[in-house]
Structure formats: structure tokens, C-alpha cells
1. Please work out which one of (1) open to solvent by 50 Å² or more (accessible area, probe 1.4 Å); (2) closer than 23 Å to Leu2 by Cβ; (3) of a type in the set (Val, Ile, Thr) is the condition Val44 fails and give its number.
2. Return yes when Ala52 is small (Gly, Ala, Ser) and either under 23 Å from His93 (Cα atoms) or touching a Phe, Trp or Tyr at 6+ places or on another chain (Cβ under 8 Å) (or both) and no when it is not.
3. Test of understanding: among Ala71, Ala96, Ala52, Ala79, which residue is of a type in the set (A, V, I, L, M) and in contact with a Gly (Cβ under 6 Å, 6 or more places away or on another chain)?
4. If I ask for residues that are surrounded by 14 or more Cβ atoms within 10 Å (Cβ to Cβ), farther than 19 Å from Asn107 by Cβ and more than 13 Å from the chain's Cα centre (by Cα), which ones from the stretch 20-41 would you list?
5. Looking only at residues that are of a type in the set (Val, Ile, Thr) and open to solvent by 40 Å² or more (accessible area, probe 1.4 Å) in the stretch 83-114, which one is farthest from Gly30 (Cα to Cα)?
6. Any residue in the stretch 91-103 that is of a type in the set (D, E, K, R), under 15 Å from the mean Cα position of the chain (by Cα) and at negative phi?
7. Could you check the stretch 4-19 and list, in sequence order, the residues that are of a type in the set (Lys, Arg) and open to solvent by less than 90 Å² (accessible area, probe 1.4 Å)?
8. All but one of (1) free of Cβ contacts under 8 Å to residues at least 40 places away in the same chain; (2) over 21 Å from Phe16 (Cα atoms); (3) open to solvent by less than 40 Å² (accessible area, probe 1.4 Å) hold for Gln75; state the number of the condition that does not hold.
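The values are calculated or read from the model by the stated rules, or taken from the named source; none is laboratory data. It should be emphasised that the depicted structure is a prediction, and the values quoted were computed from it without experimental measurement. Virtual Cβ from ideal backbone geometry, glycine too; neighbours counted across all protein chains shown. These area figures cover heavy atoms from the full protein model, side chains too; ligands, DNA and RNA do not enter into them. Shrake-Rupley method; radii C 1.70, N 1.55, O 1.52, S 1.80 Å.
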Amino acid sequence: MLANYAKRRCEIISQFPYPPSAQTPAIAKGFAENTFWNYNYSSVNCDLAVNAWYSEAKYYNYSNTPSPRYAQFTQLIWAITSQQGCAVCGGKHDGAYYVCVYMYPGNINGQFERNVNYKK
């Protein structure tokens, strides 16, 4: 189910220039997503995308507040996220997109300590 939704989201997002912006239609309520873009379609894969998202960990300051600077990292490791689906597709403008859709969404104010491995 989520892989199919990720494919639909990828096809929608790929119609817009990267990065996704206010022009990009919003994801359905109850879901979250991470997006990754690369200029070379043949090199886009799960490892490349996940490593890019995880690299945001260096910016996470364990302050219990959301930030766009590390939002893909915290969504990736959010404890109550129980399902994910991912897809890759070519971009209308160029390159390729890798999109993962998550159920349940993360990056919720006041819930970081419970859902991100919190350093004390």
C-alpha cells in the first residue's frame, strides 16, 4: 500500500523543480515523506537517499524542536513510524527522485524526546 502511494507521490513531486516547494501538492494527512533528488537517474537508489537523509544527524541538537535542517533524519528514525514505502521516478525537468512515505508522521513538537534517541 505505502509503496504505491510513494510511487504516486514521486510522480507528482517529479513534475516540479527540486526541491519540493509550496507549489508541490501536500501529502495526505497521517503520512510524512522524505524526498531525495539526484541529477543522474541511474545512480538514485535507496542507499544513496537514506545516507543523505541520515547525514542530517550532524545538525540535530537534541533540543526537542523540529527544524528543516534535520527533518528528514528525524523522520527516518522516528520511533512510532511503523510503515514505509519508497519509490524512484524520473524528473520532468531532469534527474530522478527517490521518495519515501511514512506512517505515522514524525517531527511533532513535544514528541522528540520519546521518538528520537535523545542524548541526556
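1. It is condition (1) that Val44 fails.
2. In short, yes.
3. Ala96
4. Once the filter is applied, which keeps residues that are surrounded by 14 or more Cβ atoms within 10 Å (Cβ to Cβ), farther than 19 Å from Asn107 by Cβ and more than 13 Å from the chain's Cα centre (by Cα), the stretch 20-41 yields Asn38, Tyr41.
5. Looking at the filtered set, the residue picked out is Val88.
6. No - not one qualifying residue is present in the stretch 91-103.
7. Lys7, Arg9
8. Condition (1) is where Gln75 drops out.
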